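Input: a single structure, listed below in structure tokens.
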Amino acid sequence: MTEEKESELEEYIDYAKIVIGALGYRIFEPIIESPEETTTVVSSTPEPLLSLILNQGKKEKIIAHGKQTNEGFVILKGSKIKSSTVKSVPTKALKDRKRANLDDNFVLLEDMLFNSPSSAASFVTGYAINGKDAWKDEQGRSLNEIEKLE
């Protein structure tokens, strides 16, 4: 391929990214920005890393990590989800589990975006749960408590 053709194709790709972004689809942008990318003049407190911990008897612990973003709630890559669900699990959580990229040990292989902390928590636990109470920071404060402090 000539250098001229390659340059033209790169222009088309850049234009497509702009148009798709303007339509509100963020498919070419990462779900969570890395610290190097957040060098903006506006100072805002970074969202705390939140965890959801489920004790599964004496042997197993389910630990998932997530963050609030402008688009919703993100469960981070490497988080573990419960392998089983209950009959009353929300339908959305079942659909999310089917589309999730998981390994054989039910560990997420990529970040996943959810509409709310509750839908993210239901995805992890396999049953309906209040995400604002389930997700906690390093000090053990729930997302609900953190939001009240702000």
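The share of accessible area on region 82-150 that comes from carbon and sulfur is 47 percent, using a 1.4 angstrom probe. A 1.4 Å probe run over region 76-149, with the rest of the protein chains in place, finds 57 Å² accessible per residue.
When the chain is fully extended, how far beyond the present Cα-Cα distance does Y127 get from E47, taking 0.36 nm per residue of separation?
Contour length minus Cα-Cα distance gives 26.2 nm.
Translational diffusion of the chain was estimated from the Stokes-Einstein equation, with Rh taken as the Kirkwood radius over Cα pairs; at 25 °C and 0.890 mPa s the coefficient is 140 µm²/s. Multiplying the residue separation of T91 and E71 by 0.36 nm and removing their Cα-Cα distance gives an extension gain of 5.1 nm. Could you check which residue among G21, G131, G78 shows the biggest mean-square fluctuation in a GNM of the chain with a 10 Å Cα cutoff? It is G21.
The label point for E4 and the one for N144, both projected 7 Å from the Cα toward the Cβ, are 6.7 nm apart. Out of I62, Y12, P48, whose Cα points farthest toward the positive end of the dipole of the chain (charges: +1 Lys, Arg; -1 Asp, Glu; placed on Cβ)? Of the options given, the answer is I62.
The values are calculated or read from the model by the stated rules, or taken from the named source; none is laboratory data. This one's a predicted model, so the numbers in the text were calculated from it and none came from an experiment. Virtual Cβ from ideal backbone geometry, glycine too; neighbours counted across all protein chains shown. Only protein heavy atoms, including side chains, enter the accessible area calculation; ligands, DNA and RNA are left aside. Shrake-Rupley method; radii C 1.70, N 1.55, O 1.52, S 1.80 Å.
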